[in-house]
Amino acid sequence: MGMPNLRQAYTPHPVVDQSAANLRAYVDGADAISGRPFMQEVLEGLTAPLDEADIQGLSFERTTPRLLAPDTEDNLERVFEDNRWTDCLPIVLPTEARVEAMLKGTSHSPDTIVGRLRPTVFREAWEFTVEKVAVNAVMAGARPEYFPVILALAASGITARSSSTTSFAAITVVNGPIRNEIKMNSGIGAMGPYNHANATIGRAYGLLSQNLQGGSVPGDTYMGSSGNWYAYTAVLPEAEERSPWQPLHVQKGFKPSESIATVFFGGWYTHAGYGPRATWKEKMRHALAAVEQYSPPLFVMDPIVARGFVNLGFETKEKLIDWCAENALLTAREYWDNQSIQLLRPKAVAGIEPYASRLKANPDDVITIYEPSDINIVVAGGETQGAWKMISGALRATVSIDKWR
Amino acid sequence: MSQQITIHDPRGYPPKVVGKRLAPRLSALDGKTIYLVDCLFDNSDVFMDQLRQWFGDHLPAVDIRTIRPKETWSDDEQMRKTIASDGDAAILGVGL
């Protein structure tokens, strides 16, 4: 930050869920880092005279090398593991030849700046080039033909290694011709470990996020309390050819011929259901009421389910989404008691809708908790079961894959 | 396996660190106005209230005011202007 002696005082963790009495004990107690009285650190921070370093600040350049010092494969694998440059699974070492081969998957030059990423909005963003993305794509085991998808995800500005204490993961939906060109799987086991492209593109997104943003190290650059299994890999192509509805990217205004990656931020919960059966409305209402309301649902519906809803009169995704938004209900008391929803309270106080109306409601009033624009549906699955999943996922970015070909 | 190979560093490029001067410190706190900046993270309001109470108990001559940005995760320029114009110092509560 350029301030080598920034005045700081540290409470113990956590502040979340602590009583007022416990938090007063933090204030009356010791600084969690220095061990000195917390308030002594605070008061000295306000009054201790500045020295020359405080006045000058500190400026310096930082960089990372292009290549590591030569070593044996075993030792280099250990270097990657010890530096936490992996996802704790074996990686493909990014030799010059492998990276060069990956770079053939795009027309962009290796030194093209792709974007910037950071673990949270409070942290500095690191920058990276096409070549640096290629290094991480190699590590994930991806093939050059997948590289435009991986570059698009890197350019999205959305990290797949968020440091949020709530343990977000990034979930990607791929639409357009690229799905078939690189043989992604939207059929049997689409969300499982059964397709090379699905698996390694998602893994590459995670690895590039942690390495290109400056790390994802627990207790340092990663604070997710429980972590998230979706963070290993979560990429899904939509089964456009077997869906009775418009593909996701066309819904968002793109042409069917465009290849688009849509990034969702979530992975907190997964509900499941079948059908639609006779009691589907009750099932869906229960599921919608049971979500973590700060993170809206992304539905993944098998084509059997999608066709079933069409038979019930939901000729478009939008029609079903509207029904879901109208039937995602909670009492205002439950809604505003949610920990993460507190983050929306300032918007409500500022009069921003729909939050303001939700705040004005009496505690026992039943309110809708999502707008239709919050909810998304994609179609995927092998039609061996009429199954749907409701996954936590707020749409954060739609990025062109074609731009990175 | 003893053959040596050369491989790429997988890390991105950190930004240049630009030196910044700290704001002048106060020689004493009595009679001064100190803003407590509640970052709106989970339970931060409860913590800041306890901090405010501590000042009331131990340094009652200090005018303590709690202030919040208009929105979570955003830089509230108006809030900063208020602190600069009406305050002598600020304590920022940072969640992450």
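What follows draws every value from the coordinates through simple rules; no lab data is involved. It should be emphasised that the depicted structure is a prediction, and the values quoted were computed from it without experimental measurement. Backbone-built Cβ (ideal geometry, glycine too); neighbour counts: all protein chains shown.
Summarise the partner chain shielding of A:40-46 as one whole number: the mean count of Cβ atoms from other chains within 10 Å of each residue's Cβ.
Mean shielding by partner chains, rounded to a whole number: 4.
Taking the Cα centre of the protein assembly as shown as origin and charging only Cβ (+1 Lys, Arg; -1 Asp, Glu), how large is the dipole, in debye to the nearest 20?
Dipole about the Cα centre, nearest 20: 920 debye.
Share of Cα-Cα pairs in segment B:1-89 beyond 18 Å, in percent?
The share of Cα pairs beyond 18 Å in segment B:1-89 comes to 63 percent.
In the protein assembly as shown, with Lys and Arg counted as +1 and Asp and Glu as -1 at Cβ, which of these residues, A:Thr166, A:Val217, A:Gly176, has the Cα nearest the positive end of the dipole, that is, farthest along it?
So the residue furthest toward the plus end is A:Gly176.
How large is the Kirkwood hydrodynamic radius of the protein assembly as shown, in angstrom, based on all distinct alpha carbon pairs?
For the protein assembly as shown, the Kirkwood estimate is 25.3 Å.
Among A:36-46, B:74-84, what's the highest-first ranking by average C-beta atoms within 10 angstrom per residue?
The densest-packed peptide leads the list: A:36-46, B:74-84.
Output the peptides A:218-224, A:168-174, A:24-30 sorted from most to least packed, where packing is the average of other Cβ atoms within 10 Å over each peptide's residues.
A:168-174, A:24-30, A:218-224
Sorted by mean Cβ packing within 10 Å, highest first, what order do the peptides A:47-57, B:27-37 take?
Ranked from most to least packed, the peptides come out as B:27-37, A:47-57.
What is the mean number of Cβ atoms from other protein chains located within 10 Å of the Cβ atom of each residue in peptide A:15-24, rounded to a whole number?
Whole-number average of other-chain Cβ neighbours for A:15-24 is 5.
Projected onto the charge dipole of segment B:1-68 (+1 at Lys/Arg Cβ, -1 at Asp/Glu Cβ, origin at the Cα centre), which of B:Leu22, B:Pro60, B:Leu36 gives the Cα projection farthest towards the positive end?
The Cα lying farthest towards the positive end belongs to B:Leu22.
Using Stokes-Einstein with the Kirkwood hydrodynamic radius over Cα pairs, what translational diffusion coefficient do you get for segment A:208-302 at 25 °C and a viscosity of 0.890 mPa s, in µm²/s rounded to a whole number?
148
How well do other chains shield peptide B:46-57, expressed as the mean number of their Cβ atoms within 10 Å of each residue Cβ?
Per residue, the number of nearby Cβ atoms from other chains is 5 on average.
Set the Förster radius R0 to 41 Å, insert the Cβ-Cβ distance between B:Arg65 and A:Glu124 as r into 1/(1 + (r/R0)^6), and round the FRET efficiency to 0.05.
0.85
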